[in-house]
Amino acid sequence: MVEKRGAGLWLTHVGMIIGVAFIFFPIWLAFVASTVEQQAIVRPPMPLLPGDKLVENYTRALTSGVNAPVATMLFNSAIMATGIAVGKIIISLLSAFAIVYFRFPGRQIFFWLIFVTLMLPVEVRIVPTYEVAANFGMLNSYSGLILPLIASATATFLFRQFFMTVPSELAEAARVDGARPMRFFFDILLPMSRTNIAALFVILFIFGWNQYLWPLLITTDPSMNTIVMGIKQMFPSGDDTADWPVIMATSLLAMIPPVIVVISMQRLFVRGLVDSEK
Amino acid sequence: MATVTLENLKKSFGDTEVIHGVNMHIEDGEFVVIVGPSGCGKSTLLRMVAGLETVSAGTVKINDTPMNDTEPMDRDIAMVFQTYALYPHMSVFDNMAYSLKISRVPRAEIEARVAKAADMLELTPYLKRKPRQLSGGQRQRVAMGRAIVRKPAVFLFDEPLSNLDAKLRVQMRLEIKTLQRELGVTSLYVTHDQVEAMTLADRMIVMTAGVADQIGAPLEVYANPKTAFVAGFIGSPPTNFLDAAQFGGSPAPGTQVGIRPEHVRLTNGGASNLEARVVYAEPLGAETLVHLTTPDGSAITVRQDGALPVPEEGSSHGLHWDAEHEMRFSEAGQRI
Amino acid sequence: MEKRITFKGVWLPLALIAPQIVITAVFFFYPAGQAIWQSLFIPDPFGLSMTYVGLGNFEFLLSDPFYRASFVTTAIFSTLVTVVSMGVALFLAVLADRLIKGSGTYRTLLIWPYAVAPAVAGVLWLFMFNTRVGVITWYLGQLGYDWNHVLNENEAMGLVVVASAWGRISYNFLFFLAGLQAIPRSVIEAAAIDGARFWTRFRTIVFPLLSPITFFLLVVNVVYAFFETFGVIHTITSGGPQQATTILVYKVYSDGFVGQDLGSSAAQSVILLALVALLTVIQFKFIERRVHY
């Protein structure tokens, strides 16, 4: 490393701090707004330091919200994000196992059927997918929120890559030891994939939590709204003034779970992210 | 206890035949080593016995029962892999116990059998460790232990020592041999190292290009190689090959004379078969290897006692050997 | 790379792969097929019957000034989002890489906006620039600048670009930092000894070595700008003013769900599909190349 000293070092820190401030400022403002009265906001400029209405505003958001209690929306989001992460991981583990460890008729075709979906997000085929979900009676249901978003190949691709790096001898040793395929899968492959599974869980949880367009279409009943899409629903139509403290409290509540997941599992997450995009 | 029989065993990948019909009968308790250069098909042969490769033609029999379509786990075999193939997330104990757990052996018996194997292999202090916390030699022992606890009818070894350093290799070689004697289990062992083959084998199979050139006891193979390849592969330094024409007579064109380095003496005056000039000499202490060129340009190596004076580079010497040590091979490499 | 054949069986692997295949077929291939099929028809005003029009929907779209404008908008929007988010991220990554102590702390501080949903990011920025209560709007007003993204097209575009790029910086930062830290120190030290100053070192050594990551991020960010920014646009501008921020995805949504013009929306989906397929091919080529490194 060509180390920086003196003024250069300080400039570097100043640059980083400006960057961090740029990242933090919008969130700080939202936090301040969620701790003051509506009055403090509608008469600009709003204060830049927190007020004393934190408990009140958050309680109001969680218990009554605007259209639906935010607690309900948080619950819906948790179900959706967990469902998507777990569902994707399960079907991906199984199909990657089949593709890597077996030779069966149609393997190549299935392989390509899965992998052409690699980069096509739900937004592209939104209208017909909505019709399919509607035909299955999945509107305003958890299965409608979860199932269509499970159809993606990223996780399958990651597990396939990982399984390829597991030495063939391990499977052969297990075979000689008397393990049938599923026994090998549960006893050897699954425990060896633990870190990959955990890292992927973080990424998929955030992916699921942050979905916007799909829940917007599929849930018309406010009690089925997820929190990320529910925030927009809190803005009044027309010229009425928005209930900013509650909206900002909701925004913070919407980012807390995924942020906690990211920070607490930072190492896993960074590894998983870099791996899954390779 | 078991015998293993290979009947005209063949293997093809696509249109390419890589093993061209191997016949072999392994007696109960025998230690047979398959030796050959890399790519000769020795591992493939072993994997066919294990059931990890399908048999293209011919039959694998264990205890006279055809096994071609039997799953590896039902063949009553155990295998030690080159990379050991230890399960990285399991402790040494669990690695060794895994096959027993699968076959639902009672817990108490599993513990007794693992403890006994660990004791034999001096692994008892390491039973709780994970494979990555062990040294190469210890991992190798765990792989052995995993094979032993099953009490299989046949041990299969796929180059089990090639990932160890030279010193450890010699030590583990001895241990494997001792263990096999003690347990008396029929064993099939693959290696590319002829020293390993010579020291371990009751009988060995020398393979080249998918053909078993010779099958026999190590010393018999050494003393009486059937082909030029075997003569060149078994023994170190390798056999010298000379054009037979330079020794008079009228041999068929291409005939070669093979003579082992240890059977040639440098003479200064007296009877000699050939004159040669010293290129360089390698004094190794107990012995000296002398590399020479003959008048027709062939290279020849002489192995002599280290107590003898080291010949000077560039000096000329007569070479002498007894007629009984001469081995003649046809142009196709067959012994005449 | 193929693994050696290890397990036998036909029904087991088919059963294992079935869940993914079924879900992919039902929620991916069938809807994609539907989109292609519907793009060839125009429904009557009551939605009772469909008239086959061949490529008529496409011809109409390509001659539709609104659609062509949306193309241009998308191009401008995704270029700006990509350049801003990657530029800031690269700058911060280079700074962080120069620090021996503290780069981990900064990474922790910068990493977590990745977890903030684009829609939430939209709400946060909307709040700052809100025409009535926004803090920044107010301070700009004090400086004599009258900010109004509800009416001003350029200001609307600027706001959605910054809000979209903001949340993306941490993602790009992570990759750039990982890439920078993977460059062998000896290479940079050798250049320093050869007399190259920081900027020369960056231009001639660091940036070329980063090019695989840069290219990868380019593709990923364009895809992000194309699709995932829907939340930002929907919350901040709803495509306005005068469609100045209507990117292609937003138009699929607004024509299909708000306007109920299914034929046109389907045709737009097909065009988007083709665009993403193109990006996927580029991405795959890139993955292949990386494997060979």
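The values are calculated or read from the model by the stated rules, or taken from the named source; none is laboratory data. Not measured: the values here are computed from a predicted model. Ideal geometry is used to build each Cβ from the backbone, glycine not excepted, and the neighbour counts take in all protein chains shown. Just so you know, the surface numbers come from the protein's heavy atoms only, side chains and all, with ligands and any DNA or RNA stripped out. Shrake-Rupley method; radii C 1.70, N 1.55, O 1.52, S 1.80 Å.
Given the conditions (1) under 33 Å from the mean Cα position of the chain (by Cα); (2) assigned to a strand (DSSP E or B); (3) over 30 Å from residue B:208 (Cα atoms), report the number of the one that residue B:275 does not fulfil.
(1)
To keep it simple, each residue is scored yes or no on (1) in contact with a Lys or Arg (Cβ under 9 Å, 6 or more places away or on another chain); (2) over 23 Å from residue B:230 (Cα atoms).
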| site | (1), (2) |
| --- | --- |
| B:253 | no, no |
| B:269 | no, yes |
| B:274 | no, yes |
| B:285 | no, yes |
| B:291 | no, no |
| B:308 | no, yes |
| B:311 | no, yes |
| B:319 | yes, yes |
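Out of (1) among the hydroxyl-bearing types (Ser, Thr, Tyr); (2) more than 7 Å from chain C (Cβ to nearest Cβ); (3) within 24 Å of the chain's Cα centre (by Cα), what's the single condition that is false for residue A:95?
(2)
Any residue in the stretch C:169-182 that is more than 8 Å from every other protein chain (Cβ to nearest Cβ), surrounded by fewer than 16 Cβ atoms within 10 Å (Cβ to Cβ) and not small (Gly, Ala, Ser)?
Yes - at least one qualifying residue is present in the stretch C:169-182.
Which residue out of C:286, C:216 is modelled with pLDDT under 85, open to solvent by less than 20 Å² (accessible area, probe 1.4 Å) and more than 10 Å from chain A (Cβ to nearest Cβ)?
C:286 is the lone residue from the list that is modelled with pLDDT under 85, open to solvent by less than 20 Å² (accessible area, probe 1.4 Å) and more than 10 Å from chain A (Cβ to nearest Cβ).
What number of residues within the stretch C:98-114 are assigned to a helix (DSSP H, G or I), facing another protein chain (nearest Cβ under 9 Å) and either open to solvent by less than 10 Å² (accessible area, probe 1.4 Å) or of a type outside the set (Ser, Thr, Tyr) (or both)?
Number satisfying all stated conditions: 7.
Would you say residue B:54 is part of a helix (DSSP H, G or I), assigned by TED's automatic domain parsing to the domain that holds residue B:148 and not aliphatic (A, V, I, L, M)?
When the stated conditions are applied, residue B:54 does not pass them.
Please go through the stretch B:43-101 and give me each residue that is under 16 Å from residue B:114 (Cα atoms), hydroxyl-bearing (Ser, Thr, Tyr) and more than 11 Å from chain A (Cβ to nearest Cβ), ordered by number.
The answer is B:91, and nothing else.
Residues are listed down the side, and each one gets a yes or a no for (1) facing another protein chain (nearest Cβ under 9 Å); (2) open to solvent by less than 30 Å² (accessible area, probe 1.4 Å):
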{"residue": "C:65", "(1), (2)": "no, no"}
{"residue": "C:77", "(1), (2)": "no, yes"}
{"residue": "C:83", "(1), (2)": "no, no"}
{"residue": "C:116", "(1), (2)": "yes, yes"}
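Need pairs with beta-carbon distance below 7 Å; first residue aliphatic (A, V, I, L, M) and within the stretch B:71-83, second open to solvent by 70 Å² or more (accessible area, probe 1.4 Å); sequence gap 6+ or separate chains.
none
Inspect all residues belonging to the stretch B:194-203 and state whether any of them is open to solvent by 10 Å² or more (accessible area, probe 1.4 Å), at pLDDT below 85 and in contact with an Asp or Glu (Cβ under 8 Å, 6 or more places away or on another chain).
no
Looking at the stretch B:121-137, which of its residues are surrounded by fewer than 18 Cβ atoms within 10 Å (Cβ to Cβ) and over 22 Å from the mean Cα position of the chain (by Cα)?
Passing the criteria: B:122, B:124, B:125, B:128, B:129, B:130, B:132, B:133, B:135.
Do you know which of the residues in the stretch A:170-195 that are more than 9 Å from chain B (Cβ to nearest Cβ) and open to solvent by less than 10 Å² (accessible area, probe 1.4 Å) is modelled with the lowest pLDDT?
Among residues in the stretch A:170-195 that are more than 9 Å from chain B (Cβ to nearest Cβ) and open to solvent by less than 10 Å² (accessible area, probe 1.4 Å), the one modelled with the lowest pLDDT is A:193.
Can you find a residue that is buried (at least 17 other Cβ atoms within 10 Å of the Cβ), of a type in the set (A, V, I, L, M, F, W, C), within 12 Å of chain C (Cβ to nearest Cβ) and without any contact (Cβ under 8 Å) to a residue 40 or more places away in the chain anywhere in the stretch A:74-82?
The answer is no, given that none of the residues of the stretch A:74-82 is buried (at least 17 other Cβ atoms within 10 Å of the Cβ), of a type in the set (A, V, I, L, M, F, W, C), within 12 Å of chain C (Cβ to nearest Cβ) and without any contact (Cβ under 8 Å) to a residue 40 or more places away in the chain.
Just to be sure, is residue A:243 charged (D, E, K, R) and over 17 Å from residue A:34 (Cα atoms)?
no
Residue C:131: open to solvent by 20 Å² or more (accessible area, probe 1.4 Å), out of contact with any Cys (no Cβ under 8 Å at 6 or more places or on another chain), more than 7 Å from chain A (Cβ to nearest Cβ) and under 17 Å from residue C:158 (Cα atoms), yes or no?
Spelling it out, residue C:131 is indeed open to solvent by 20 Å² or more (accessible area, probe 1.4 Å), out of contact with any Cys (no Cβ under 8 Å at 6 or more places or on another chain), more than 7 Å from chain A (Cβ to nearest Cβ) and under 17 Å from residue C:158 (Cα atoms).
Collect the residues in the stretch C:137-162 that are part of a helix (DSSP H, G or I), surrounded by fewer than 22 Cβ atoms within 10 Å (Cβ to Cβ) and more than 9 Å from every other protein chain (Cβ to nearest Cβ), keeping them in residue-number order.
Of everything in the stretch C:137-162, those that are part of a helix (DSSP H, G or I), surrounded by fewer than 22 Cβ atoms within 10 Å (Cβ to Cβ) and more than 9 Å from every other protein chain (Cβ to nearest Cβ) turn out to be C:140, C:153, C:154, C:155, C:157, C:158, C:162.
If we scan the stretch B:239-257, do we find a residue that is among the small types (Gly, Ala, Ser), on the phi > 0 side of the Ramachandran plot, out of contact with any strand residue (DSSP E or B) (no Cβ under 8 Å at 6 or more places or on another chain) and in the same structural domain as residue B:17 (by TED's automatic domain parsing)?
For the stretch B:239-257, residues among the small types (Gly, Ala, Ser), on the phi > 0 side of the Ramachandran plot, out of contact with any strand residue (DSSP E or B) (no Cβ under 8 Å at 6 or more places or on another chain) and in the same structural domain as residue B:17 (by TED's automatic domain parsing): absent.
Mind counting the residues in the stretch C:244-269 that are surrounded by fewer than 23 Cβ atoms within 10 Å (Cβ to Cβ) and modelled with pLDDT of 85 or more?
Matching residues across the stretch C:244-269 total 2.
Among residues belonging to the stretch B:1-19 that are under 21 Å from the mean Cα position of the chain (by Cα) and hydroxyl-bearing (Ser, Thr, Tyr), point out the one that is farthest from residue B:36 (Cα to Cα).
Once the filter is applied, the top-ranked residue is B:3.
Test of understanding: among A:69, A:26, A:50, which residue is within 10 Å of chain C (Cβ to nearest Cβ) and not hydrophobic (A, V, I, L, M, F, W, C)?
Exactly one of A:69, A:26, A:50 is within 10 Å of chain C (Cβ to nearest Cβ) and not hydrophobic (A, V, I, L, M, F, W, C), namely A:26.
Name the residue that is surrounded by the most Cβ atoms within 10 Å (Cβ to Cβ), counting only residues in the stretch A:36-47 that are without any contact (Cβ under 8 Å) to a residue 60 or more places away in the chain, more than 9 Å from chain C (Cβ to nearest Cβ) and in contact with a helix residue (DSSP H, G or I) (Cβ under 9 Å, 6 or more places away or on another chain).
The residue in question is A:40.
Please pick out the residue among B:171, B:194, B:180 that is under 15 Å from residue B:117 (Cα atoms) and either out of contact with any Phe, Trp or Tyr (no Cβ under 9 Å at 6 or more places or on another chain) or away from every other protein chain (no Cβ under 13 Å) (or both).
B:180
Among the residues of the stretch C:8-37 satisfying the criterion of being at the interface with chain A (Cβ under 7 Å from one of its Cβ atoms) and touching a residue at least 24 places away in the same chain (Cβ under 8 Å), which is surrounded by the most Cβ atoms within 10 Å (Cβ to Cβ)?
C:35
Only residues that are away from chain A (no Cβ under 12 Å) and in contact (Cβ under 8 Å) with a residue 60 or more places away in the chain: list them for the stretch C:238-258, please.
C:240, C:241, C:242, C:243, C:244, C:245, C:246
Here are some residues: A:74, A:54. Which one is aliphatic (A, V, I, L, M), closer than 19 Å to residue A:246 by Cα and either modelled with pLDDT of 85 or more or under 23 Å from the mean Cα position of the chain (by Cα) (or both)?
It is A:74.
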